[in-house]
Amino acid sequence: AQSVTQLDSQVPVFEEAPVELRCNYSSSVSVYLFWYVQYPNQGLQLLLKYLSGSTLVESINGFEAEFNKSQTSFHLRKPSVHISDTAEYFCAVIPRDTGRRALTFGSGTRLQVQP
Amino acid sequence: NAGVTQTPKFQVLKTGQSMTLQCAQDMNHNSMYWYRQDPGMGLRLIYYSASEGTTDKGEVPNGYNVSRLNKREFSLRLESAAPSQTSVYFCASSSGHVEQYFGPGTRLTVT
């Protein structure tokens with residue numbers, strides 16, 4: 001079984017400041033890792049994913065996440081946030097080698113960007 | 001290309017009533033999922049269908065039933081709604097290449 005921990009339920013930050021949203025996971029098997037974003041009253045959108053290769057992955061809107069196998073972490077970072085980044089962010093994992101490809105989610109981190 | 005669609009968007013039920021949440025995808029995906037989202041708990045898997053004709057229980061299946069009507073459609077039924085089932089319900093689909101695509105959600109309130 002897998003579990004995902006997002007330590008911060010809310011992260012307030014000023015516009016143009018850097019931000020890091022933390023994600024740690026626990027699993028007895030290898031996993032794929034994801035960050036999803038949910039804007040107010042909308043569904044979830046994939047922000048970025050780690051499947052293999054370089055441990056640093058980037059999104060088109062300036063977010064990046066680094067897979068750290070030894071620390072079982074996949075923290076999300078952005079060097080300069082915008083008001084439009086205000087949303088809830090979910091870290092999630094899927095086991096690599098089983099047929100049941102269902103996501104296990106963390107509890108979410110609400111990013112509040114203030115002017 | 002609509003992606004994943006869900007109906008209805010909002011629903012209010014009284015305790016004991018039944019209803020079916022509908023989900024359809026037009027991406028020719030094999031796998032479909034139902035999740036529920038509750039404050040502070042992220043999303044939890046209710047049921048999963050790897051392919052047409054197959055379904056499997058997830059983390060929180062009690063009180064729900066599902067039907068994979070065909071490759072496109074995957075419905076979730078509440079036979080006797082309870083206040084504990086007040087939640088936002090999301091349907092998702094996947095081609096099997098791990099990435100899942102989510103619908104806009106159904107906000108259900110049970111009084």
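Every number here is computed from the coordinates shown, using simple stated rules; none is lab data. Note that the structure is a prediction, hence the values are computed from the model and not measured. Cβ coordinates were reconstructed from backbone atoms using ideal geometry, including for glycine residues, and neighbour counts include every protein chain displayed.
The table that follows gives values for the structure above.
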{"item": "Per-bin percent of Cα-Cα distances, the range B:1-58 [10 Å]", "result": "17, 44, 34, 5"}
{"item": "Hull shadow area, averaged, chain A [alpha-carbon convex hull, nm²]", "result": "7.1 nm²"}
{"item": "Separation in nanometres of the label points that stand 7 Å from Cα toward Cβ, at B:Thr109 and B:Glu79", "result": "2.8 nm"}
{"item": "Sequence of B:Ile46, A:Ile83 once ranked by neighbouring C-beta atoms within 10 Å, starting from the fewest", "result": "A:Ile83, B:Ile46"}
{"item": "For the range B:96-111 versus the range A:1-49, the gap between their alpha-carbon centres in whole angstrom", "result": "17 Å"}
{"item": "Volume of the Cα convex hull of chain B, divided per residue and given in Å³", "result": "90 Å³"}
{"item": "Average Cα contact separation per residue, chain B, under 8 Å, 6 or more apart, as relative contact order %", "result": "36 percent"}
{"item": "Neighbour-count order for A:Asp85, B:Asp26, A:Asp97, fewest beta carbons within 10 angstrom listed first", "result": "A:Asp97, B:Asp26, A:Asp85"}
{"item": "Normalised per residue, the volume of the convex hull around the Cα set of the range A:55-100 (Å³)", "result": "113 Å³"}
{"item": "Candidate lysines for bridging to B:Lys57, where Cα separation is under 23 Å - those fewer than 8 sequence places away on the same chain excluded", "result": "B:Lys71"}
{"item": "Unit charges on C-beta of K, R, D, E only; dipole of the protein assembly as shown, Debye", "result": "620 debye"}
{"item": "Cα Rg, Dmax (largest Cα-Cα span) when computed across the range A:1-40, Å", "result": "13.2, 39"}
{"item": "Mean Cα-pair separation over length for chain A, i.e. relative contact order, pairs under 8 Å, 6 or more apart, %", "result": "38 percent"}
{"item": "Unit charges on C-beta of K, R, D, E only; dipole of chain A, Debye", "result": "480 debye"}
